[in-house]
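All remarks here apply to the structure that follows.
The values are calculated or read from the model by the stated rules, or taken from the named source; none is laboratory data. Here the structure is a predicted model, which is why all the values come from computation and not from measurement. FYI the Cβ positions are ideal-geometry reconstructions off the backbone, even for glycines, and counts take in every protein chain you see.
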Amino acid sequence: MIHVAIMASRENRRDWLERRLRAETSLKIAGLASTFASLRSLLNASVVDVVIIDTETGTESSIARDWLLEFLEEVPLVILGPVHEGWTFSQVVRAERGAILSRDAPAEQILHAVKGVTAGLLIFDGSSFPQPDPGDELIAELTPREIQVLQLLAEGLVNRDIAERLNISEHTIKFHIGSILGKLQASSRTEAVTRGIRSGLIEL
């Protein structure tokens, strides 16, 4: 059973998320919060495996960023926001677990993210990756395996061929590619390969 806390400033959003999650038998609602402070109290008092944070304004303020940094150290976050900011994206990648989805993500995608982050996965809405932060071209170093995958992408191999070459599953390849896109702040495989070449990570 996965214990989920929900934070949303608007009551209608909290209600919508609660209804959708209660329909999933493998999840249990640990509590609802309307502010970061109330979420802090909820985490102190309850068993929580993952937190869904629904934000209308993003994380531009230093206060919101301080809260997110604190929560990321304790529990996986599924962040629903209007814009995928480079700062938020980079912090989730550095935490090596969590998800960032658009606020209009369907319930099925949110449920998938909740289950995925509890398994230690990084999950992003591929339709809208963030723009790079100034001076932060590479927000996290690629692992040796990710560099291998990126090199094979540069050679034009598809997921199936990469999986066979490295003797791992296609699912694992998809996970590595998602992580590579996040770390290089790339919106496509082609852009990831281009950034990898420019940064000297791989060669053609």
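Annotations for the structure displayed:
- Listed by first and then second residue, the pairs linking a residue in the stretch 69-96 that is outside the structural domain of residue 181 (by TED's automatic domain parsing) and among the hydrophobic types (A, V, I, L, M, F, W, C) to a residue that is modelled with pLDDT under 75 and in a loop (DSSP other than H, G, I, E, B), with Cβ atoms under 7 Å apart and 6 or more places separating them unless they lie on different chains, are 83/58; 87/59; 87/133; 89/130; 93/139; 93/140.
Here's the yes/no breakdown for (1) assigned to a helix (DSSP H, G or I); (2) touching a helix residue (DSSP H, G or I) at 6+ places or on another chain (Cβ under 7 Å); (3) β-branched (Val, Ile, Thr); (4) modelled with pLDDT under 90:
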residue: 17; (1), (2), (3), (4): yes, no, no, no
residue: 20; (1), (2), (3), (4): yes, yes, no, no
residue: 37; (1), (2), (3), (4): yes, no, no, no
residue: 40; (1), (2), (3), (4): yes, no, no, no
residue: 52; (1), (2), (3), (4): no, yes, yes, no
residue: 59; (1), (2), (3), (4): no, yes, yes, yes
residue: 69; (1), (2), (3), (4): yes, yes, no, yes
residue: 109; (1), (2), (3), (4): yes, no, no, no
